[in-house]
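The values are calculated or read from the model by the stated rules, or taken from the named source; none is laboratory data. Remember, predicted model here, so these are calculated numbers, not experimental data. All Cβ positions, even for glycine, are placed from backbone atoms using ideal geometry, and neighbour counts span all protein chains on display. Areas reflect the complete protein model, heavy atoms only, side chains present, ligands, DNA and RNA absent. Shrake-Rupley method; radii C 1.70, N 1.55, O 1.52, S 1.80 Å.
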Amino acid sequence: MAAEEPTTRRVQVAEHPRLLKLKEMFNSKFGSTPKFYVRAPGRVNIIGEHIDYCGYSVLPMAVEQDMLIAVEPVKTHTLQLANTNPLYPDFSTSANNIHIDKTKPLWHNYFLCGFKGIQEHFGLSKSTGMNCLVDGNIPPGSGLSSSSALVCCAGLATLAVLGMSLSKAKLIEFSPLRATDVRLPSGAVFVIANSCVEANKAASSHFNVRVMECRLAAKVLAKHKGLRWDKVLRLEEVQTKLGISLQEMLLVTEDALHAEPYSREEICRYLGISLEELRTQILTPNTQDELTFKLYQRAKHVYSEAARVLQFKQVCEEAPHNAIQLLGELMNQSHRSCRDMYECSCPELDQLVDICRLAISTGLHFCGHRDQWKFGAKGSRLTGAGWGGCTVSLVPADMLSSFLTNVYEAYYRRNSRSLALEKHSLFATKPGGGALVFLEA
Ligand code: ADP
Ligand code: MG
């Protein structure tokens, strides 16, 4: 869970089937040999959902699935991108004039973000070109951050081509994050199960509306407490400015906000601004048309979820005898809050969480009358943005194989929609490694 410095490792490509296949495909695509390979892992968020953009820390863990790119620097100042998956078409552009069309969620835009990010960070006016073949196995749109793995991997490829070495300090500058190691209890594993509902973040407004509801809640809370609300953007700022605990912040929320949705007019009246000012100075283009905002529910989720992250870390540190039970309960509370307060779940995720958590199996075929036995996880919750995607469950290690069998039976085998995806839909995680550059030995 710590931010790791990308390291360079020498490998025998012939001994790694995935690298070998990539090398051969690269050769047939570009007629040359890759000079190196870079990888960046996907990640699963164990707890702390929808609070990062409110200023609070979360608890992600790298998974084994990753983005892999074979890279060859070229002298032509041309960037040529190809993908092992035919769903993602080839793309080529001048490396010195990168234009990112933000209106379209095209795969190469994620690559260009990583590429351009490095160019801008080092203030480079000219870049060397490169040929890249991308191979990813993180299921997209399922909350395991395939998109950020692609951005990171492209950035790493660009850095490696530029021959710049990363120092730890530079790494931290790229994303202003603080990382601490959290030791998870032994005797339990995290299992990821995909609901097989793909959440299309780029095409729906849910996400943008939630971000705006949090911002409006922060402003109303700040005003309630007599703070300068106009400068406040995030819920965390209100807590910090008041210098109080998350529990106290929850009491302030109860006091200041009501559960009925707020109309735009009510928000304007409370803040003493005009509708025009609300539209032009606070709302974003993609939230202009919203008529109501749920401020109480969103603030309550964020402050309680931020508190659960701290409690989760504390249980990991203190490692009491019932740690797995306590962590599971925090994960269950997190799901309930996501479902009822943040409204970022969906029926399939709720069903999958129920199956993982307390499903009672009646033997292999669920015929209903045999001895019932519990195979449940100690905790289970949606992970990632929600509205589809994956769940993460905390499962005692000695129950893992029956857990996997039973969830497979209950959710996947009976749900024909999932059949095509099932192979990559349910797996126990081993904490994965960090970003890496491979050179052929
Ligand atoms: P998430 O990050 O949760 O997986 P997003 O919707 O943010 O979901 O990102 C998914 C997008 O990332 C895909 O639509 C695609 O553009 C890009 N992507 C994911 N995997 C690959 C891949 N293997 N190759 C190229 N692009 C990919
Ligand atoms: Mg993403």
Residue check for Ala217: within 15 Å of His301 (Cβ to Cβ), in a loop (DSSP other than H, G, I, E, B) and among the aliphatic types (A, V, I, L, M):
no
A careful count of residues in segment 122-134 that are more than 7 Å from ligand 1 (Cβ to nearest atom) and in contact with a Leu (Cβ under 9 Å, 6 or more places away or on another chain) gives 9
Looking at (1) surrounded by fewer than 20 Cβ atoms within 10 Å (Cβ to Cβ); (2) more than 30 Å from Glu329 (Cβ to Cβ); (3) touching a strand residue (DSSP E or B) at 6+ places or on another chain (Cβ under 7 Å), which is the one condition that is false for Gly117?
(3)
Determine which member of the set Ala259, Ala199, Ala222 is part of a helix (DSSP H, G or I) and of a type in the set (Gly, Ala, Ser).
Ala222
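For (1) open to solvent by 10 Å² or more (accessible area, probe 1.4 Å); (2) of a type outside the set (Phe, Trp, Tyr); (3) on the phi > 0 side of the Ramachandran plot, each residue gets a yes or a no:
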site	(1), (2), (3)
His16	yes, yes, no
Lys21	yes, yes, no
Ser28	yes, yes, no
Gly31	yes, yes, yes
Val38	no, yes, no
Gly42	no, yes, no
Asn45	yes, yes, no
Failed criterion for Glu343 (all others in (1) outside any helix (DSSP H, G or I); (2) in contact with a Leu (Cβ under 9 Å, 6 or more places away or on another chain); (3) at pLDDT 95 or above hold)
(2)
Which one of these is at pLDDT 95 or above and away from ligand 1 (no atom under 16 Å from the Cβ): Asp350, Asp371?
Asp350
Given the residues His121, His99, which is the only one that is over 22 Å from Thr76 (Cβ atoms) and not hydrophobic (A, V, I, L, M, F, W, C)?
His121
Residues of segment 102-161 being of a type in the set (Val, Ile, Thr) and more than 16 Å from ligand 2 (Cβ to nearest atom), which ones?
Thr103, Ile118, Thr128, Thr158, Val161
Which residues, counting only those in segment 260-306, are surrounded by fewer than 11 Cβ atoms within 10 Å (Cβ to Cβ) and in contact with a Phe, Trp or Tyr (Cβ under 7 Å, 6 or more places away or on another chain)?
none
Keeping to segment 143-154, report how many residues are more than 6 Å from ligand 1 (Cβ to nearest atom) and open to solvent by less than 10 Å² (accessible area, probe 1.4 Å).
3
Which one of these is surrounded by fewer than 18 Cβ atoms within 10 Å (Cβ to Cβ), closer than 25 Å to Thr391 by Cβ and not aliphatic (A, V, I, L, M): Pro86, Pro105, Pro139?
Pro105
If a residue has to be out of contact with any Lys or Arg (no Cβ under 8 Å at 6 or more places or on another chain), within 16 Å of ligand 2 (Cβ to nearest atom), hydrophobic (A, V, I, L, M, F, W, C) and open to solvent by less than 70 Å² (accessible area, probe 1.4 Å) to count, how many in segment 201-246 make the cut?
1
